[in-house]
There are 2 protein chains.
Amino acid sequence: MEASAQDLTPTGRVILGMLRLGKRTGYEIKQIVDVSTRFFWAASYGQIYPELKRLEERGLVGSRSEPTGGRARTEYRLTATGERALDDWLASEAEPAHEVRDEAMLKLFFSEGRDTEEVLETVRALRRKHESVVARLREIHPEPVDPDPGPYLTLEYGLGLHDWAIEWCKRTERRLERRLARSAREKARV
Amino acid sequence: MEASAQDLTPTGRVILGMLRLGKRTGYEIKQIVDVSTRFFWAASYGQIYPELKRLEERGLVGSRSEPTGGRARTEYRLTATGERALDDWLASEAEPAHEVRDEAMLKLFFSEGRDTEEVLETVRALRRKHESVVARLREIHPEPVDPDPGPYLTLEYGLGLHDWAIEWCKRTERRLERRLARSAREKARV
DNA sequence: TGGCTCATGTAAGCCGTTACATGATTTT
DNA sequence: AAAATCATGTAACGGCTTACATGAGCCA
């Protein structure tokens, strides 16, 4: 039985993809993940190093010791099997995983009856969060040009999505501010 | 030492929140999560039942056996301490967790050089996915009216967000279709 | 009477983060 | 000389999903 796309672990996918993009060491993979896919797919050292070894055992990657002076360093590359597994995964029509954990939304869900001022602070914090993501995304590529699929496409998606979220926050903040002003007026009347 | 908001586990938060909304059994909590928060915060039986027991040990919830005929059934309710923990969490200014795992985006990130037709299929599948989410969200509340924070606010967010994603997919599909037509013309010329 | 819903739980396993440990090289 | 960066790894723990196991009540 051939190793198929379904056998790739989540972190295995990132690793194979990054190796094809020319990354070589576990360290390098982690660095690039942290400024690219981590906005929709993170990976930690605790996953990357063990997974590289497992991928090697399964023949999807090969390794070579390439120290920098006295500093240990292992370069990895895709094998033909690994490349096939990557392509199979990319072409696979299995329902792609999509998970979200958004604590701010969970707070808002349970916010009926809370002080408007407090809720407002939750929304403002959420907006600031999305703004900081947008800022970091803009740093990555200040001048998007490449119309092809690949890193630019997902960057553009991220920018658009977080921009939308910022606008939603602003609208919601205005709504809550009006509520606040209204209840202040009512209080004054009493 | 008082139990503070920081001690609440992720699932613990959902449970306390749902109990305040009037849910009573683990089963009921799971049912409601599956048609509400699960779009931004899921929970499974394997987490809910053990967590209810832990919350009880810590005094944040209380339980009472309330069988339906011969069918075992345990009703839970918030204690004063639990209510305080919930409020503390809602008001806490700790950076709220925000995690995304979007396999479709990961595929697109690694899609440089893939057949345009294949990439197009990935984007179409993504659009269908968002469309099905929007369809399910619309079923929940066909006529949103409530302007207050709470379930309606997050529903509105979900609808807007997934709608935005659908539009992005459509734009991207058109872009890729043009690319496909262009390369078909070029091939014809050769 | 058969299937669905209500209801509770456990066990195995996967996946992941954090913190720790180590040490060389490069930059300031 | 110190701090940052390059580089690799492990251990402990947390959290979650899936599958399994069980059984009562309700409806067609």
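The values are calculated or read from the model by the stated rules, or taken from the named source; none is laboratory data. None of the values given here were measured: they were computed from a predicted structure. Methodologically, a virtual Cβ is constructed for each residue, glycine included, from the backbone with ideal geometry; neighbour enumeration extends over all protein chains shown.
Filter segment A:1-20 down to residues that are away from DNA strand C (no atom under 15 Å from the Cβ) and at pLDDT below 95 and give me whichever is farthest from the other protein chains (Cβ to nearest Cβ). Once the filter is applied, the top-ranked residue is A:Met1. State whether the residues of segment A:35-42 include one that is in contact with a strand residue (DSSP E or B) (Cβ under 7 Å, 6 or more places away or on another chain) and either modelled with pLDDT under 95 or away from DNA strand C (no atom under 13 Å from the Cβ) (or both). No, every residue in segment A:35-42 fails to be in contact with a strand residue (DSSP E or B) (Cβ under 7 Å, 6 or more places away or on another chain) and either modelled with pLDDT under 95 or away from DNA strand C (no atom under 13 Å from the Cβ) (or both). Of all the residues in segment B:104-131, those that are under 17 Å from A:Leu8 (Cβ atoms), within 7 Å of chain A (Cβ to nearest Cβ) and not charged (D, E, K, R) number 7. The residue that is surrounded by the fewest Cβ atoms within 10 Å (Cβ to Cβ), counting only those in segment A:133-147 that are modelled with pLDDT under 85 and farther than 16 Å from A:Asp34 by Cβ, is A:Glu143. Residues in segment B:63-80 that are in contact (Cβ under 8 Å) with a residue 24 or more places away in the chain, of a type outside the set (D, E, K, R) and either within 9 Å of DNA strand C (Cβ to nearest atom) or surrounded by fewer than 16 Cβ atoms within 10 Å (Cβ to Cβ) (or both): B:Thr74, B:Tyr76.
Filtering segment A:145-172 to residues that are within 27 Å of A:Gly22 (Cβ to Cβ) and among the polar types (S, T, N, Q) leaves only A:Thr154.
For segment B:154-190, a tally of residues being of a type in the set (A, V, I, L, M, F, W, C) and touching a Lys or Arg at 6+ places or on another chain (Cβ under 9 Å) returns 5.
Within segment B:63-98, the set of residues being away from DNA strand D (no atom under 16 Å from the Cβ), out of contact with any helix residue (DSSP H, G or I) (no Cβ under 7 Å at 6 or more places or on another chain) and small (Gly, Ala, Ser) comprises B:Ala80 only. Residues that are in contact with a His (Cβ under 7 Å, 6 or more places away or on another chain) number at least 1 in the following helices (runs of 4 or more DSSP H) confined to segment B:74-179: B:103-109, B:116-140. Among the criteria (1) more than 15 Å from DNA strand C (Cβ to nearest atom); (2) in contact with a Gly (Cβ under 9 Å, 6 or more places away or on another chain); (3) more than 30 Å from B:Phe40 (Cα to Cα); (4) touching a residue at least 40 places away in the same chain (Cβ under 8 Å), the one A:Ala85 does not fulfil is (1).
The combined condition, being out of contact with any Asp or Glu (no Cβ under 8 Å at 6 or more places or on another chain) and within 10 Å of DNA strand C (Cβ to nearest atom), is not fulfilled by B:Arg138. Taking the criterion of being touching a residue at least 24 places away in the same chain (Cβ under 8 Å), surrounded by fewer than 18 Cβ atoms within 10 Å (Cβ to Cβ) and either within 26 Å of B:Ala42 (Cα to Cα) or in the same structural domain as B:Trp41 (by TED's automatic domain parsing) (or both), the residues of segment B:92-118 that qualify are B:Ser92, B:Ala94, B:Ala97. Looking only at segment B:30-62, residues that are of a type in the set (A, V, I, L, M), more than 10 Å from DNA strand D (Cβ to nearest atom), surrounded by 13 or more Cβ atoms within 10 Å (Cβ to Cβ) and not in a helix (DSSP H, G or I) come to 2 in all.
Looking only at residues of segment B:148-177 that are free of Cβ contacts under 8 Å to residues at least 24 places away in the same chain and closer than 15 Å to B:Arg124 by Cβ, we find that the one that is farthest from the other protein chains (Cβ to nearest Cβ) is B:Arg174.
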